[in-house]
Structures are given as C-alpha cells and as structure tokens.
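The values are calculated or read from the model by the stated rules, or taken from the named source; none is laboratory data. Since we're looking at a predicted model, the values are computed, not measured. A quick note on method: Cβ atoms are made from the backbone with ideal geometry, for glycine too, and the neighbour counts reach across all protein chains shown.
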Amino acid sequence: MTQRNISFYFTCILLAGIATVVAVAQDGKPVGTQGQQPGIVQGEQPSQDGRAVSRAYLAGMESGDLDALTALFLTDDRSSILENASDEGSWEHYRDHHLAPEMDVAQNFRFAIAEEAEERFGDTILVKQTGTFTVDVRGETRHYRVAVSYLMVVQDDELRIAHLHWSSRPAPKSE
C-alpha cells in the first residue's frame, strides 16, 4: 500500500470519527433521537448526492453568495472548518471572521476539479476533491493547488456539511 493510500485511509477514518463527534449532543446522546432536540437523524441514508453538495459549495464560493453557502452547513455552530492547518471554528465563525472579509479583497474565484471521490460510511458521506483554483487579489491573479474534504450528515432531511477541510498551496510558476 502506498503512502498516499495510507494517508487517504487515515483521513477517512479521522473524518468518520469527527462525524460521530459532531452527531453527538452535549449530553452525549445522538441528536435527533427520540426525546432529544431535532437535528441530525441517525440511521437514515442521505437522499442527496454528496458531490452535488460539494459542488454547490464551490458554486457559492464562485458567486460569493454567503447565504447559499450557509444553507449547506449544519446549523447552530455544529460544523467545523479547518483551513491550511488552522482551526477556523464553526461555519458561522469562519464565515463572519475569515471568509466574508477575504471575499472583500479576493474576486473572481474559480475552482477546477481534477479528481473527485465520494464514500459513504452509514449515514455519513465523505467527498474528497483535488484541483486548482484562481482568485484575483488587488488586481493580481493568484493560482493555487488545493485538496478539499467535506464530511456530510443529514440534518432536517437535508444533507449538510458537518466538517470542511480546505488545504491549498500556491501553484508552481510553471502551472
């Protein structure tokens, strides 16, 4: 087994563990079970395609539509975002304190998917994308390589992003 395959499988196991943590209420019981607050429903298969949700995320990034992006995530600060080795907190925190200010100076975001894979773990979906993106920052077009993973679960009968991990690096000058 190659180092790349080992890393991918380790990431899948780690993300499945994160999904389990996200799906547990503060009292330690799964959210959405009988007698608990509504939210993540355990044991149901998501009716939506995880790739469609991940592509909706990229479309929202391209359009700059923060409301459309917000609709893709778990609500009430129950999501988590990691970006380039930084814990950005919940989607709401990341959106308000990182992404929205970044979008004020970064324009024309475009993402090209090179590889995309989806795996199901019971009622959890993992989507992994690699590719490139460009963005204009203060008149300069910047090029990046990127790997993104989305961990999704069902909330209120909708497939939602519970965890997003975004890792990008400047593309070599030859690309």
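Set side by side, the residues 99, 164, 82 differ, and just one is farther than 20 Å from residue 63 by Cβ, of a type in the set (A, V, I, L, M, F, W, C) and surrounded by 16 or more Cβ atoms within 10 Å (Cβ to Cβ), which is 82. Restricting attention to the stretch 133-145, does a residue exist that is under 23 Å from residue 75 (Cα atoms), touching a residue at least 12 places away in the same chain (Cβ under 8 Å) and surrounded by 17 or more Cβ atoms within 10 Å (Cβ to Cβ)? Within the stretch 133-145, not a single residue is under 23 Å from residue 75 (Cα atoms), touching a residue at least 12 places away in the same chain (Cβ under 8 Å) and surrounded by 17 or more Cβ atoms within 10 Å (Cβ to Cβ).
If you go through the stretch 146-161 and pick out every residue that is surrounded by 16 or more Cβ atoms within 10 Å (Cβ to Cβ), more than 16 Å from residue 111 (Cβ to Cβ) and either of a type outside the set (A, V, I, L, M) or in contact with a Cys (Cβ under 6 Å, 6 or more places away or on another chain) (or both), you end up with 2.
Scanning the stretch 48-74 for residues that are hydrophobic (A, V, I, L, M, F, W, C) and either free of Cβ contacts under 8 Å to residues at least 12 places away in the same chain or not in a helix (DSSP H, G or I) (or both) yields 52, 59, 71, 72, 73, 74. Sort through 68, 19, 56 and tell me the only one that's of a type in the set (A, V, I, L, M, F, W, C), out of contact with any Cys (no Cβ under 7 Å at 6 or more places or on another chain), modelled with pLDDT of 95 or more and buried (at least 16 other Cβ atoms within 10 Å of the Cβ). 56 is the lone residue from the list that is of a type in the set (A, V, I, L, M, F, W, C), out of contact with any Cys (no Cβ under 7 Å at 6 or more places or on another chain), modelled with pLDDT of 95 or more and buried (at least 16 other Cβ atoms within 10 Å of the Cβ).
Condition first: surrounded by fewer than 16 Cβ atoms within 10 Å (Cβ to Cβ), closer than 13 Å to residue 62 by Cα and under 18 Å from the mean Cα position of the chain (by Cα). Now tell me which residues in the stretch 104-126 satisfy that. Passing the criteria: 110, 112. For residue 129, the conditions (1) over 22 Å from residue 93 (Cα atoms); (2) surrounded by fewer than 20 Cβ atoms within 10 Å (Cβ to Cβ); (3) under 15 Å from the mean Cα position of the chain (by Cα) are fulfilled apart from (2). Between a first residue in the stretch 103-123 that is on the phi > 0 side of the Ramachandran plot and in contact (Cβ under 8 Å) with a residue 12 or more places away in the chain and a second residue that is part of a strand (DSSP E or B) and surrounded by 11 or more Cβ atoms within 10 Å (Cβ to Cβ), which pairs have beta carbons less than 7 Å apart while being 6 or more apart in sequence or on different chains? Sorted first by the residue in the stretch 103-123, then by its partner, the pairs are 108/135; 108/136.
When residue 104 is tested against (1) modelled with pLDDT of 95 or more; (2) of a type outside the set (Val, Ile, Thr); (3) out of contact with any helix residue (DSSP H, G or I) (no Cβ under 7 Å at 6 or more places or on another chain), exactly one condition is not met: (1).
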